[in-house]
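Each remark here refers to the structure printed beneath this line.
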Amino acid sequence: MKKECFESEQGRLYYEELGENLRIVSYQGNVSELKIPHKISGKMVRTIGKKAFLSCKELKKVSLPESIEELEDWAFANCNLLEWVGLPSADIVLGKGVFQGCKALKCIVTMNSYSCASQGQQQVGALLAATVDMLESPHLFSLKEAGSREWLSQWDNKLLQFLRSDDKEGYTVVVLCGEEDYGSDENSLAYFLTQKRKSKVRLVFLRLLNSIGILEETRKELSEYLRNHTKGCESEETWQVVLEEHGNEKSYYEIMTECGCVTEENFQDILQDLENNYPEMKAFLIKYKEKNLGYEDFFDSLSLDL
């Protein structure tokens, strides 16, 4: 079948004609945000073909037109920087592994006017995106069911199952596969356990930040998990994830304090870890201590440079 090219400021889209419709077969370009047109040469763009956008290294955001009806196998697989996807409808037919390997994926919004999606739709989009890689639950990647009470219940059950699982689970596979340079400590058990707990912490934060439909008993268990791994505990992955990955995001350290992860006992150590970094977080935590933990040792904290 003859392949045609549509060229624009966003790059080159190669397509095939299927009667009065078009199928995108490949793309050449290096834009970070791509909006696919609904028509090319007067014909409707109906399909994103197999591996059409495979391994587009610069792509961070893609918006699909209302004309799209199908995304074929691995259409956007291994787009390492892809964070946001706007789909026009939950009725789109999805092939295998459409977003497989998109480890940066943060949100998949499915609505006709996703440019002004509601907070609830954005939250469901974040949870849907997490099923691709973070939660490792491809059976929950369902555009039609996402956001329903049953779907949210299944999502939370999968998360709780993961939290309650043994942190050592999967380590034997790493060793047997010979991943000898796994992490900074090669294939050490200690490194593996830290990474596993960090994965759990990231998912807990994700759910608490996108708390649509969450049950109170689930919220309590998630909060308890963060508290059990905060600064001063036997393992400190809650604090490590916030400090290393989200120091400039107020929503994360707000969750941390709401869950009781900042205490009279660990406050000074937290400030010491901050050193001269993240002054907004430091100011927030000092105000939090003044309001919620009393004044004891407060002026000592001011000796640390803000």
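Here is a check on your reading of the model: is E7 among the acidic types (D, E) and in contact (Cβ under 8 Å) with a residue 24 or more places away in the chain? Break it down into steps so the answer makes sense when it comes.
Details: among the acidic types (D, E): yes; in contact (Cβ under 8 Å) with a residue 24 or more places away in the chain: no.
Criteria not met by E7.
Residue-wise test of (1) under 16 Å from the mean Cα position of the chain (by Cα); (2) hydrophobic (A, V, I, L, M, F, W, C); (3) in a loop (DSSP other than H, G, I, E, B); (4) closer than 15 Å to G213 by Cβ.
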{"position": "E66", "(1), (2), (3), (4)": "no, no, yes, no"}
{"position": "L82", "(1), (2), (3), (4)": "yes, yes, yes, no"}
{"position": "G101", "(1), (2), (3), (4)": "yes, no, yes, no"}
{"position": "L135", "(1), (2), (3), (4)": "yes, yes, yes, no"}
{"position": "K144", "(1), (2), (3), (4)": "no, no, yes, no"}
{"position": "S153", "(1), (2), (3), (4)": "no, no, no, yes"}
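Would a scan of region 231-241 turn up a residue that is in a helix (DSSP H, G or I), over 25 Å from S153 (Cα atoms) and charged (D, E, K, R)?
Pass one, region 231-241, residues in a helix (DSSP H, G or I): 237-241.
After this cut, where a residue has to be over 25 Å from S153 (Cα atoms) as well, the list is 237, 239-241.
The next check asks that each one be charged (D, E, K, R); those that pass are 237.
Yes, that holds for at least one residue.
Just the residues that are part of a loop (DSSP other than H, G, I, E, B) and either more than 18 Å from M44 (Cβ to Cβ) or in contact with a His (Cβ under 9 Å, 6 or more places away or on another chain) (or both), please, taken from region 4-33. Don't jump to the end; show me each part of the working.
Keep residues of region 4-33 that are part of a loop (DSSP other than H, G, I, E, B), which gives 9-10, 19-20, 29-32.
Result: E9, Q10, G29, N30, V31, S32.
Quick grid of which residues meet (1) farther than 28 Å from A126 by Cα; (2) modelled with pLDDT under 90; (3) in contact with a Ser or Thr (Cβ under 9 Å, 6 or more places away or on another chain); (4) open to solvent by less than 100 Å² (accessible area, probe 1.4 Å):
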| site | (1), (2), (3), (4) |
| --- | --- |
| S142 | no, no, yes, yes |
| A146 | no, no, yes, yes |
| R149 | no, no, no, no |
| Q154 | no, no, yes, yes |
| L160 | no, no, yes, yes |
| D166 | no, no, no, yes |
| T172 | yes, yes, no, yes |
| G178 | yes, yes, no, yes |
| G183 | no, yes, yes, yes |
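Can you tell which of T238, T230 is touching a Lys or Arg at 6+ places or on another chain (Cβ under 8 Å), on the phi < 0 side of the Ramachandran plot and of a type in the set (V, I, T)?
On the way: T230 fails: touching a Lys or Arg at 6+ places or on another chain (Cβ under 8 Å).
Every option except T238 fails the conditions.
When only residues in region 40-67 that are among the aliphatic types (A, V, I, L, M) and open to solvent by less than 10 Å² (accessible area, probe 1.4 Å) count, which is farthest from L94 (Cα to Cα)?
The first filter runs over region 40-67 and keeps only residues among the aliphatic types (A, V, I, L, M), leaving 40, 44-45, 48, 52, 54, 59, 62, 64.
From what is left, the residues that are open to solvent by less than 10 Å² (accessible area, probe 1.4 Å) are 40, 45, 48, 52, 59, 62, 64.
Values: I40: 22, V45: 16, I48: 10, A52: 14, L59: 20, V62: 16, L64: 13 Å.
In this case the residue turns out to be I40.
Return the pairs, sorted by first residue and then second, in which the second residue is open to solvent by 70 Å² or more (accessible area, probe 1.4 Å) and assigned to a strand (DSSP E or B), the first residue lies in region 38-66 and is closer than 11 Å to C79 by Cα, the beta carbons are less than 6 Å apart, and the residues are 6+ apart or on different chains.
K61/E33
Table: residues versus (1) surrounded by fewer than 18 Cβ atoms within 10 Å (Cβ to Cβ); (2) in contact with an Asp or Glu (Cβ under 9 Å, 6 or more places away or on another chain); (3) in contact (Cβ under 8 Å) with a residue 24 or more places away in the chain.
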{"site": "A75", "(1), (2), (3)": "no, no, yes"}
{"site": "L82", "(1), (2), (3)": "no, no, yes"}
{"site": "D91", "(1), (2), (3)": "yes, yes, yes"}
{"site": "V98", "(1), (2), (3)": "no, yes, yes"}
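Can you name the residue in region 244-276 that is closer than 11 Å to G232 by Cα and part of a helix (DSSP H, G or I) and is also most open to solvent (accessible area, probe 1.4 Å) among such residues?
Within region 244-276, the match that is most open to solvent (accessible area, probe 1.4 Å) is D269.
Restricting attention to region 63-86, report how many residues are of a type outside the set (A, V, I, L, M, F, W, C) and more than 16 Å from P37 (Cβ to Cβ). Write out each step before concluding.
Filtering region 63-86 for residues of a type outside the set (A, V, I, L, M, F, W, C) gives 63, 65-67, 69-70, 72-73, 78, 80, 83, 86.
Remaining after also requiring more than 16 Å from P37 (Cβ to Cβ): 70, 72-73, 78, 80, 83.
The total comes to 6.
The values are calculated or read from the model by the stated rules, or taken from the named source; none is laboratory data. For clarity, every value in this text was computed on a predicted model and none was experimentally measured. Heads up, the Cβs are rebuilt from the backbone with ideal geometry, glycines too, and the neighbour counts pull from every protein chain shown. To get the accessible areas, we keep the full protein, side chains included, count just its heavy atoms, and leave off ligands, DNA and RNA. Shrake-Rupley method; radii C 1.70, N 1.55, O 1.52, S 1.80 Å.
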